[in-house]
Structures are given as C-alpha cells and as structure tokens.
1. Yes or no: segment 79-101 includes at least one residue that is in contact with a strand residue (DSSP E or B) (Cβ under 9 Å, 6 or more places away or on another chain) and of a type in the set (Gly, Ala, Ser).
2. List, please: which pairs have Cβ atoms under 9 Å, are six or more places apart or on different chains, and start with a residue in segment 79-105 that is at positive phi and assigned to a loop (DSSP other than H, G, I, E, B) and end with one that is of a type outside the set (A, V, I, L, M) and at pLDDT 90 or above?
3. Can you find a residue that is closer than 12 Å to Asn45 by Cα and surrounded by 15 or more Cβ atoms within 10 Å (Cβ to Cβ) anywhere in segment 89-96?
4. Return yes or no: is Val115 among the β-branched types (Val, Ile, Thr), surrounded by 14 or more Cβ atoms within 10 Å (Cβ to Cβ) and not in a helix (DSSP H, G or I)?
5. Only one of (1) surrounded by 10 or more Cβ atoms within 10 Å (Cβ to Cβ); (2) at pLDDT 90 or above is not met by Gly83, so which one is it?
6. Say whether the condition of being charged (D, E, K, R) and either surrounded by fewer than 12 Cβ atoms within 10 Å (Cβ to Cβ) or outside any helix (DSSP H, G or I) (or both) is met by at least one residue in segment 58-66.
Amino acid sequence: MYKFYRPGASCGFTLLEMIAVITLIGILATLVVINLDSHMNTACNMKTQSDLKTIKRSVDVFKITKGRYPVDLEELIHTPESGLEELPLDYWERPYIYELIDGRPVISCFGEDGVEGGEGMNQDYHEPKQK
C-alpha cells in the first residue's frame, strides 16, 4: 500500500530539531579540534626531541672519530661514521641551529615562530637541555 501526502500531516523536521542537531555537531567538532591540537603539539615535541638527540649523537660520534666537534652540521653529512645521510628538518621544515658555546655543541630549534622564546608551539628546544 502506498502512502500519500495528506494536507496537515507532518513531514520533515521542525526548526527546533534542526537547531538541536546543528548545535550538537558544533559541540562535537569543537571537541575534536581541541583534542587534535593537543595531539599536534605532542607530535611536534616528540619529533623535535628525537631529531635533537639524533643530531647530538652524530656530533658526539664525529668528536670521537675526528677529535673535534664539527664546524657546522653539513660536515656531519660528509662523515659516514655520523650515521646521517641527510640533515633532518624541524617540524616546520626549517634546519636545526647548531652552535659551539664555550667549546660545547648546542643544537636548537626555536619552535613554530622561529624566534627565541615562547610557549606552546613557539617554545624553544635545545640539546643538551638548558636550564
């Protein structure tokens, strides 16, 4: 048996039902975005810390084999013992910063903004960790 449209019969959703559904979708989307943002920050921290430790180990191996620290990170690429075939880039696709401070190597990343100082995604990373 077929159902026919009857005048005065309700078909479809009321405005109140539509507003309730749209509000729920908005709340869920907000929760997902907030959760995703914290995971992005965690992923950034993990990649950066891992890269810094890898570069620091390669610098230490260079020191052991050559008797000195490299002048710059490019020198690691030309040394097979370092274990690096190419230099990693930070989470924002920029090269890590390498300095010799008081004769000791410090590898740094200045976060998303690329400027020293900051919090969250703009925080600085150093290896070895600075106090």
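The values are calculated or read from the model by the stated rules, or taken from the named source; none is laboratory data. Since we're looking at a predicted model, the values are computed, not measured. In this analysis, Cβ positions are derived from the backbone assuming ideal geometry, glycine residues included, and neighbour counts consider all displayed protein chains.
1. No, segment 79-101 has no match at all.
2. Correct list of pairs: Gly83/Thr54; Gly83/Arg57; Gly83/Ser58; Gly103/Tyr69.
3. Among the residues of segment 89-96, at least one is closer than 12 Å to Asn45 by Cα and surrounded by 15 or more Cβ atoms within 10 Å (Cβ to Cβ), which makes the answer yes.
4. Numbers: among the β-branched types (Val, Ile, Thr): yes; surrounded by 14 or more Cβ atoms within 10 Å (Cβ to Cβ): no; not in a helix (DSSP H, G or I): yes.
Against the criterion (among the β-branched types (Val, Ile, Thr), surrounded by 14 or more Cβ atoms within 10 Å (Cβ to Cβ) and not in a helix (DSSP H, G or I)), Val115 does not qualify.
5. Gly83 satisfies every listed condition except (2).
6. The initial filter retains those residues of segment 58-66 that are charged (D, E, K, R), namely 60, 63, 66.
Now drop any that are not either surrounded by fewer than 12 Cβ atoms within 10 Å (Cβ to Cβ) or outside any helix (DSSP H, G or I) (or both), which leaves none.
For segment 58-66, residues charged (D, E, K, R) and either surrounded by fewer than 12 Cβ atoms within 10 Å (Cβ to Cβ) or outside any helix (DSSP H, G or I) (or both): absent.
Okay, residues lined up against (1) of a type in the set (A, V, I, L, M, F, W, C); (2) farther than 18 Å from Lys129 by Cβ:
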position: Lys63; (1), (2): no, yes
position: Arg68; (1), (2): no, yes
position: Glu81; (1), (2): no, yes
position: Glu86; (1), (2): no, yes
position: Tyr91; (1), (2): no, no
position: Leu100; (1), (2): yes, no
position: Pro105; (1), (2): no, no
position: Gly111; (1), (2): no, no
position: Gly114; (1), (2): no, yes
